[in-house]
Amino acid sequence: MPKIDVLDINGNVVEQMEISEDIFAVEINEHCVYETVKNHLANRRQGTQSAKTRAEVRGGGRKPWRQKGTGRARQGSTRSPQWIGGGVVFAPKPRDYSYKINKKVKRIALKSVLTDKVNNQKLIVLNELTMNEPKTKVFAQTMKNLKIDGKKALFVTKQNDQNVVRSGRNIYGVSVVFADVINTYDIINHEVLVMTKDAVIRTQEVFA
């Protein structure tokens, strides 16, 4: 099984741990990653855009001028699409953009992006990441110790630790999630993936 260094919050190597080759050393499937990201973004769309067709705009009940003899183009309504204040041709209406893809495809995509982070040395494993109270300054110092300050970083903990979440949320480009809900889009949308040792173990349990 492949091994990876485990660091403390000061950036020092404290041990090595084995990581599952079924999660972090698979054959990368770019198409599954593409399909999963496209699905994720589609499911996030609100779909609330709306405009009025010519049947819905107000006014336009009378023919503007007679059909023939004026020298102007024939018009039937002042609410036709070519008129100012007229309706919109093929007006967008509220709709649901979400759709489903196979769970197997999502799993392959997640394993692919995790493998890619390992291959490119963009995965950092911490022995622990805990805080007694929200402290953005301490969180920022930890990033500096890990030499990732200024980079978009995704921190993954085993559980939803609100102190860690609140400490990191004020830092631009930083997101904090917990292992059960990590997804392909968040991982590829961040340059660096930082996981606690417990989060790695939990990820291997959930997605193996």
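Tabulated data for the structure shown
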quantity	calculated
Shape call, segment 121-172: gyration tensor on alpha carbons, a/c limit 1.5	oblate
Gap separating the Cα centres of segment 121-156 and segment 36-66, nearest whole Å	45
Within the accessible area of the chain (1.4 Å probe), percent carbon and sulfur	46
Among beta bridges that DSSP assigns inside the chain, antiparallel share in %, nearest 5	25
Pairs from K38/K158; K38/K117; K106/K197; K38/K151; K3/K111 whose Cα-Cα separation, in the structure shown, is over 18 Å	K38/K158; K38/K117; K106/K197; K38/K151
Three-way shape call for the chain based on the alpha-carbon gyration tensor, with the a/c threshold at 1.5	prolate
Where the chain is the region considered: accessible area per residue in Å², 1.4 Å probe	63
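The values are calculated or read from the model by the stated rules, or taken from the named source; none is laboratory data. Keep in mind it's a predicted model, so treat the numbers as computed, not measured. In case anyone asks, the SASA skips ligands and DNA or RNA and just uses the protein heavy atoms, side chains included. Shrake-Rupley method; radii C 1.70, N 1.55, O 1.52, S 1.80 Å.
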